[in-house]
Structures are given as structure tokens and as C-alpha cells.
């Protein structure tokens, strides 16, 4: 892993506007496309430029390819509630023809209109049981660079012609036009989830995918929208007995019968769909015994897993909890293979982080293309990379002040006590509102995408 | 060292002291109780309020409820082991926590918003409202929680009159602990209010149990 990462900065949105907070980032399987979703329900797809011999220094930059609104904000007049949609997760389907397909899953925010005094004093809140349905949508993104010209019944502006003026028939001809990229919803998968959807994962059979909420995992056929098959259900008979929820799930990269899901108690379960139709009983349970010397009131909260990812090889699992990233061998359940400290200096601040709710932040984690480097985000717009082979790690910052195009990212360091060196930042100076939750790594090259609130940064390895 | 009169930052955890912690030890370090008090208060207020930032899932609620349950279990164990001295502590923990909650969430407003959010859920399709009883279950705790709090306050007015919350947390609790531990040579209470406390503590402990049962639904 090269520590010299040349920064090519591409910003998504100039203004700090709450609806533009990026909530998901994902490369497609070739790395040609990069999709982002935001809290305003908007999807923006970037496409990598073809590398040109004439301009070798422009090493395939990403430019906006398509932008579409996944759903329009609604207003419920009866209850004086405004309903906004936020994109939760995006997953690309493998490319099979000229068009591109992606799945998006949505969340709903409900809040009262401040201009209307409702009779009910409804509080702005999230509902675990939504008013609009929780859906997964399949989008087709395709190009149009030709259009038909020479209609008989319409003129060039589209106005209907008087039939009495038509004396001859002609065949419309396809003529070139400026490239247009259309995004159309091709499937809407609904009525299967009551609770908040936290993950979607496309299966390696390219026919099915799964959607996961707090208590259930459902399996869908990509062609069929009116039914899904429930494969995991951990809802207790009495909701007051609920002590554990599902936090993330993913299919194995090549074995289409294997899936894993993580929980709020820090455990990972691997299920084999061949064993039984309902996978409530796991095949494997990955759990690390608690370290008694680190016990605190917050032990359970910080053990909650926010993300789980198979390695590209399928041999390893990576999990992210509040303070660490762990690598598990799929064949060893009793403890992780490797544990990496992301920001252990926060361990003495857990009470404050509990108070301001930061302890519930859900950080994601990603593998690089060769499964040798791990990446995850932190606070103060920092993100961390861990090299599994050299055991070296680096902290980098994604911020406009520090990143100019072609600049080299400088490693950052957090000072945990004692003398602070000139370039270091002390723990108490960290900005906890600047959190990097979402990052993505190109499937084969050293190109990364980092979402910092409402800005997207794309960094590439330095050209030698 | 109990550090009499020494103000400590509540946010800091003392890892070294925690390592020496033995559940069977009879003397609890002050800061551990202080932090437990803080976490208890925070957890109760979090369950009552809506999160400032968006978190639509159940994860947050489940984790907070589990944290509360853990503290409840600890306090229950302590109450059994040391009925005389630390039952006072337990009761005081809850009293002050509930007092803070009372300040933050006036009873009238909470009741009306609960009613309305319940109405909101009733207009939804049947299968959805049945599935959302986790939400309604947690919301319904609140009216009975406040009722219990009221009755608890009625039982021990002298406790609240003698101590303000600040006094209690930073100074008096040191005295109480030091004076009331079984290890100390004079087990009889040195302050007048603790006499009142010991007379009524049994019924208050039952109130306490009731409150916790209602709160976490266990």
C-alpha cells in the first residue's frame, strides 16, 4: 500500500444543506461507475473518463453521469406531516448488457410542517413503523444517443398535424442526438419490511438478493416484486423481550447459499440456505469472549457491529464495531484473526459520546481489491487504512482545506496525552460532527471514494 | 481512597480502579457510583426523548434498554447483599434520576404527545400496528413511571429537602458512603435524615422495584 495518495478532489455539493448529506457510496463491479445516495432521496452516478493518450495526466477522472430523484418528498395534509425520503443503501447489479442496474433502499423521515398548527402535538420523530412503505427499488440506467425523426402524424415540435395535409408516408429515421442518460425504476419491491432496512446484498447467482431489517431477512427474486421469502426472523413473541437486533447482512461473494448477518451484541452468524429453508439456526456463530479488564457500562454498546463485509476471496469476514475493525477467518469462530484499533483514544470518552449519541454512529468498513488493506472512517473527517501484511496503518483527512487537486495527502496523528507535537491534533479538539461513515474502494485499483457529510472526495494512488 | 470532597469529572472512567473491582467487595469506589448514576440518568432521559439526529432503527433503543437493565441488575444484587447502607444509595440514585427526568419532561406534555403518537399508529394498517408494539410498549411506561415517581417523592420528602442534586452528587454521597459502610466503626447513622431513610427504605425499595419493572418491562 502506498502511503502517498495523490488527492484528486471532486466535490458533490458546495453548500452545507442537510438534505444533501451523503448516506451511501458504492462502486460498480468494474469500477467504471460510482453511485452516491443522499438524505434528500437523490442518487448521483459518476462515470470514469476513458483514459486518453493525449492527456495522460488526467488518469480517468470521475464525472457526473446521471442524477435522479428516487422519490419526491410528499406532504400528508391530513396529519400535517412532511415526508422525506433518504437513500439508505445502494448496490449495483453485475453488468449484463449495455444498461446499468442498481438497487436502492429508502428510509422515511416524518416531521410536522412548522407553518401549520396541528391539533395533535406530534413530535418530529422517526417511526419504526412507517406511514409510506419501506421499499427496495431496481433502477435501470441507460444511454440514449439517437432519436427518431420524421414522424408522419406529428411535426418537428411534436404538434399534431392536420391529417388532411398528409399526402405521403415516410419511415422515421434514427438520428444522432446529444447523449442523454435515463434512469427509470424497473421494479419496486414492497410490503415486506416493517422495520428499518439496514442492508441489501445481491447474490452471486445474479437472480436473487436479500434485504435486511432490524429483525428479519427476506430473499427476493429480482424479477418478482409481489412476494419475498423470509429466511431469518429474530422477532420475539413478546417485543418486551427484545434484546438483540440485526445490524447488517451480506451474501458470500461466490457461494450463493451462504450468508452472514451481524447483531447489536457483537456476534456474527453464518447461515447456509441449503440446510433449511428458515435460517433461524445458524451454521456458525462468530463471537469473541469479552475482555474483563475492559468492562464498562458501555461494553455492549461498543460491541454492536455496524458493518460486516466478506473479503473478495470469501475466506475472511471483516466487522466494524465502535472502536475496532476485526478480521475473522470463516473457519474459526471463537475469536477474530486480527483486531485493529480505529480510535482507541475514545475509550475514556465513552460517557460523553453516549450523552451526545455519537456512540451510536454506524461506521462502515471496506476491503481493497486484493483483500490486503482495510479502510474505515472516524471523526474529524479522518479515515483510517490498515495494511494486513505490513501491519502498518495510516490516518488521513478528507477536507477541502487539506486537499487540493494533485496534492499529496499527509498522514495525520491524534495526540492522546502529554506533549502535543506541531502537526498533531489533541483528542479534545476533534470535531465529532464531522464523521466519515461511508467509504468505498475501487474493485481493482487504488482509487477510493470518501463521503464527508455532504462532500464526496475521490483519491487515487500517485502516478510514478 | 474515597476522596472525600474531591470533585471528579464524571466523563472519565477509571480503568485501573475498575480492574480491582470485585463484585463481592463491600466498599464501592465513589466514582463508579457517580458514573453509574450518570449513565442511569442519561439512559432514562434518552428513552423519553426523540434522538436529535436521525436513527430510525431499533438498535439505539435496544442498546439503551439493555444498559438500563444491566444497571438495574447490579443495583438489585447490591441491595440484596447490603440492605442497610447501599439500599439508601440505590433509592437516592433513582430519586435523583427521576427528579432530573421530571425537570426535563413535564408530565402534562408527555401525556398528550403519547396519546397522539398512539393515535397516529392506530390509523395504520393492522399488520403494521401490531408489529410496532415495541414503540407503544416503551411509550406506555411513562405515565406509570411518573405516577410511581410521585408516590416515591411523597414517601421521602425529607431526603429531597435536605439535599440538592449537586450537594448529593459531589459532597454528601461521600459522607453517606463513608458513614454507612459496614466497615466503619459506628454503624449508626450520623445524620438525622438517614434515620428517616432507614425507616422507610423497605417500602421505597418495593417502589423502586416497581419502577424498574415498569421501565424495562422485565
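Derivation of every value follows stated rules applied to the coordinates shown; laboratory data play no part. This is a predicted model, so every value here is computed, not measured. No Cβ is skipped: glycine too gets one built from the backbone with ideal geometry, and neighbour counts run over all protein chains shown.
When the Kirkwood radius is taken over all Cα pairs of segment A:341-421, what Stokes-Einstein diffusion coefficient follows at 4 °C and 1.567 mPa s, in µm²/s?
Working: Rh = 14.5 Å.
D, rounded to a whole number, is 89 µm²/s.
Please report A:415, A:365, A:279 as a ranked list, fewest other C-beta atoms within 10 angstrom at the top and most at the bottom.
Neighbour counts put them in this order, fewest first: A:415, A:279, A:365.
Among A:235, A:326, A:146, which comes first, second and so on when ranked by fewest other beta-carbon atoms within 10 Å?
Details: A:235 17, A:326 23, A:146 12.
Final ranking by Cβ density, sparse to dense: A:146, A:235, A:326.
By average Cβ neighbour count within 10 Å, what is the ranking of A:290-296, A:408-414 from highest down?
A:408-414, A:290-296
For segment A:133-269, rounded, prolate or oblate, judged on the Cα gyration tensor with a ≥ b ≥ c (square roots of eigenvalues), a/c < 1.5 rounded, else prolate if a/b > b/c?
Working: a/c = 4.22, a/b = 3.01, b/c = 1.40.
Taking the square roots of the gyration eigenvalues as a ≥ b ≥ c, segment A:133-269 is prolate.
Per residue of A:347-354, count partner chain C-beta atoms within 10 Å of its C-beta, then hand back the mean as an integer.
5
I'd like the mean, over residues of A:238-248, of how many other protein chain beta carbons sit within 10 Å of each residue's own Cβ.
What the average comes to for A:238-248 is 5.
Please give the average number of partner chain Cβ atoms lying within 10 Å of the Cβ of each residue in A:192-204, rounded to a whole number.
2
Can you sort B:33, A:271 by how many other beta carbons sit within 10 Å, fewest first? Please list the in-between numbers first.
On the way: B:33 19, A:271 23.
Lowest count first: B:33, A:271.
Can you tell me the order of A:94-101, B:69-76, A:298-305 when each peptide is scored by its average per-residue count of other Cβ atoms within 10 angstrom, highest first?
Ranked by mean Cβ neighbours within 10 Å, highest first: A:298-305, B:69-76, A:94-101.
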